[in-house]
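Participant: Sharing a structure here in structure tokens format.
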There are 2 protein chains.
Amino acid sequence: MQSDNPTAAILVIGDEILSGRTREGNAHHLAQVLSATGFDLREIRVVSDDHDRIVAAIRALDGSLGGDYDLLFTSGGIGPTHDDITADAVADAHGTTVEIHPEARALLEARCARMGVPLTENRLRMARIPVGATLIDNAVSAAPGFSIGRTHVMAGVPEVFRAMVDWLLPRLGAGRPVQSLSVEVRRGESDVAEDLKAVAGEYADLSLGSYPFHDQSGWGTNLVVRGLDEARVAEAMDALKARLKL
Amino acid sequence: MQSDNPTAAILVIGDEILSGRTREGNAHHLAQVLSATGFDLREIRVVSDDHDRIVAAIRALDGSLGGDYDLLFTSGGIGPTHDDITADAVADAHGTTVEIHPEARALLEARCARMGVPLTENRLRMARIPVGATLIDNAVSAAPGFSIGRTHVMAGVPEVFRAMVDWLLPRLGAGRPVQSLSVEVRRGESDVAEDLKAVAGEYADLSLGSYPFHDQSGWGTNLVVRGLDEARVAEAMDALKARLKL
């Protein structure tokens, strides 16, 4: 698909995904939001809670560090425990250090005061922010995310991740939303391959995909046309339906 | 966690994941199987249907090509359509070419004969296998996966992917299954951080993780102990419960 939308990657940090304990959902949510708001998600990576792995992935993905993409979003590892090492790794990747951020500290103090609990050393860990970063608002539980270079660091807890995405995305320079049309056919992928290829050749500026599935009734295929121009997407879908006699 | 289990990575190939259209499930399934059978999954990547991206990812992840892990499993892009480019990319990464594999062709011919449909050029695409690869059985729909170097290439359709995993995993040299115990506490992560850290320090050979969640009743945390020695995992969990007065 031809697009000059900003490119993006997602880095998920968490042993619980790799162990199979938790099914990842934050990247799926953000993928939908990015498509709808005009960003071109090109890669997702999941790495373990390992300092060197996180640093290497950030450097490979953040365009401001010579990495491949305009924007990098991360999920996970910014909580209060010993295995929350994302802030340190992000700081390292960006050539800076971590300090208690006064504004983040104030946010945590206010929340602890409201809850009537002390701001312990562990809770204060959540105010440790790379020097030079700006904060990402957390409407759920106060402890902020942060942005540095083109890396945007968010929490792993789904409710908090989503709140941070809602706050952050309108503040980034989006491109044009992706337009998408799909049709389901009760045929195997092999039976539609030739028509799909023909239409894809005529509409090289669009992305035409086929996604086979198998259910109680046997095989079917979802055909999807994606692009930035709504009229052009509709035209390609009409051409595809005409060829398939739908 | 100390482990000399074989290390593994998963590479998911598919625009439909990156566009947000489909929620990835194959990597989650395989992550569970790998933990249970004695492999140490270290990384998951999702890349688009782009030849160069797929080649680069395979080279970065397959240990036989200088990549980081003992084993690489891929999902997606081996169907009959123009956007199914995984076989070519895997061949390229492994310095070989793609040819019609006689055994794969025979499997497809037999299936087409059973179904009473012709073996079209599109269907025959699914017999295009890198030279030097061995086949992975597909109990669902005949079209095989394949193994080359340390790369194991499987289909994206979940039923087929699972059938291929079931066939393949017992044929690989597994290590020791991971033992895991978990306990849920109705406390925020900050309130358990100190005890968790103390026990993690005493049991440096194990992996202790905390996974906060938020539901109708407020905040809670799942505490998980993982390791290869069942008795040692149980001992660490007892120590953690004792500290937390559970």
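Taken together, the values in this text are just the output of simple stated rules run on the coordinates, not laboratory data. All figures in this text were calculated on a predicted structure; none of them were measured in a lab. Note that we place each Cβ from the backbone using ideal geometry, even for glycine, and neighbour counts take in every protein chain shown.
Participant: Put a point 7 Å out from Cα along the line to Cβ at B:Leu135; what are the distances to that point in the other copies, in nm, shortest first?
Facilitator: Computed spacing set for this position: 6.2 nm.
Participant: When a/c is below 1.5 the answer is rounded, else prolate if a/b is larger than b/c, else oblate, so apply that to the range B:179-243 with a ≥ b ≥ c taken from the square roots of the Cα gyration tensor eigenvalues. Could the numbers behind the result be given before it?
Facilitator: Numbers: a/c = 2.42, a/b = 1.80, b/c = 1.34.
Prolate.
Participant: Quick one: label points 7 angstrom along Cα→Cβ at B:Ser182, distances to the other copies in nm, smallest first?
Facilitator: 2.8
Participant: Ignore the peptide's own chain and count Cβ atoms of other chains within 10 Å of each Cβ in B:217-224; give me the average, rounded.
Facilitator: Mean inter-chain Cβ contacts per residue within 10 Å come to 2.
Participant: Per-residue Cβ counts within 10 Å, from other chains only, averaged over A:184-196: what number is that? Display every interim value, and only then the final one.
Facilitator: Values: counts 0, 0, 0, 0, 7, 8, 15, 5, 3, 11, 6, 0, 5.
Per-residue shielding by partner chains comes out at 5.
Participant: Next question, about the same structure. Note the angle between two axes, namely the Cα long axis of helix B:158-168 and the longest principal axis of the Cα atoms of chain B, as a number of degrees from 0 to 90, rounded to the nearest 10.
Facilitator: Long axis of B:158-168 versus the principal axis of chain B: about 80 degrees.
Participant: Going 7 Å from the Cα of B:Ala36 along its beta-carbon direction, which residues of the range B:179-198 have the amide nitrogen within less than 18 Å of the resulting point?
Facilitator: Label zone hits: B:179-182.
Participant: Report, as an integer, the average count of C-beta atoms from other chains found within 10 Å of each Cβ along B:21-34.
Facilitator: Working: counts 11, 6, 8, 8, 3, 0, 7, 7, 2, 1, 10, 4, 1, 3.
The shielding value for this peptide is 5.
Participant: Counting other beta carbons within 10 Å of each Cβ, put A:Ser147, B:Ser75 in order, fewest first. Intermediate results must be reported in sequence, preceding the final value.
Facilitator: Working: A:Ser147 22, B:Ser75 32.
Exposure proxy ranking, most exposed first: A:Ser147, B:Ser75.
Participant: Alpha carbon centre of the range B:208-246 versus the range B:14-78: separation in Å?
Facilitator: Cα centroid to Cα centroid, the span is 29 Å.
Participant: Against the longest alpha carbon principal axis of chain B, how many degrees, from 0 to 90 and to the nearest 10, is the axis of helix B:189-202 turned?
Facilitator: Result, in degrees: 90.
Participant: Say the dipole of the range B:7-171 comes from +1 at the beta carbon of Lys and Arg and -1 at that of Asp and Glu; which of B:His51, B:Ser19, B:Phe39 then lies farthest toward its positive end?
Facilitator: Of the listed residues, the answer is B:Phe39.
Participant: Report the closest approach of any chain A C-beta to the axis of the A-to-B rotation: residue and distance, in whole angstrom.
Facilitator: For the rotation taking chain A to chain B, the closest Cβ gives A:Arg45, 3.
Participant: Further question on the same structure: Need the list of lysines near A:Lys245 for cross-linking: C-alpha distance under 26 angstrom, and skip anything on the same chain fewer than eight residues off.
Facilitator: Hits, sequence-local ones excluded: A:Lys197.
Participant: Follow-up question, since we're still on this one. From the Cα gyration tensor of the range A:131-246, with a ≥ b ≥ c the square roots of its eigenvalues, which class applies: rounded if a/c is under 1.5, or else prolate if a/b is larger than b/c, or else oblate?
Facilitator: Numbers: a/c = 3.78, a/b = 2.20, b/c = 1.71.
Judged from the Cα gyration tensor, the range A:131-246 comes out prolate (a/c at least 1.5, a/b above b/c).
Participant: What residues have an amide H closer than 5 Å to that of B:Leu71, excluding those fewer than 5 places away on the same chain, when H is modeled at 1.01 Å from N in the peptide plane?
Facilitator: B:Thr7, B:Ala8, B:Ala9, B:Gly63
Participant: Note the angle between two axes, namely the Cα long axis of helix B:230-243 and the longest principal axis of the Cα atoms of chain B, as a number of degrees from 0 to 90, rounded to the nearest 10.
Facilitator: On a 0 to 90 degree scale, this one is about 40.
Participant: While we're here: Quick one: with label points 7 Å out along Cα→Cβ, list the inter-copy distances for A:Glu235 in nm, shortest first?
Facilitator: Output for A:Glu235: 7.2 nm, nearest copy listed first.
Participant: Now for a different question. Arrange the following residues from fewest to most other Cβ atoms within 10 Å of their Cβ: A:Phe146, A:Phe73, A:Phe213. Provide the component values of the computation, followed by the final result.
Facilitator: Numbers: A:Phe146 24, A:Phe73 32, A:Phe213 15.
By the 10 Å Cβ count, ascending, the order reads A:Phe213, A:Phe146, A:Phe73.
Participant: Under 1.5 on a/c is rounded, so check that first for the range B:13-65, then, if it is not, pick prolate when a/b is larger than b/c and oblate when it is not; a ≥ b ≥ c are the square roots of the alpha carbon gyration tensor eigenvalues.
Facilitator: Working: a/c = 3.69, a/b = 1.17, b/c = 3.15.
Oblate is the answer for the range B:13-65, as a/c is 1.5 or above yet b/c matches or exceeds a/b.
Participant: Using the Cα centre as the reference, give the magnitude of the dipole from point charges on the C-beta atoms of the range A:7-171 (Lys, Arg: +1; Asp, Glu: -1; all else neutral), rounded to the nearest 20 debye.
Facilitator: 360 debye
Participant: Over chain B, what is the mean sequence separation of C-alpha contacts under 8 Å (at least six apart), divided by residue count, expressed as relative contact order in percent? All intermediate terms of the calculation are to be shown ahead of the outcome.
Facilitator: Working: 465 pairs, mean separation 45.4, N = 246.
So the answer I get is 18 percent.
Participant: Continuing with this model, one more query. Using the number of other C-beta atoms within 10 angstrom as an exposure proxy, rank B:Met126, A:Met115, B:Met1 with the fewest first. Each step should come with its number before you reach the end.
Facilitator: Working: B:Met126 27, A:Met115 10, B:Met1 20.
So the ranking, lowest neighbour count to highest, is A:Met115, B:Met1, B:Met126.
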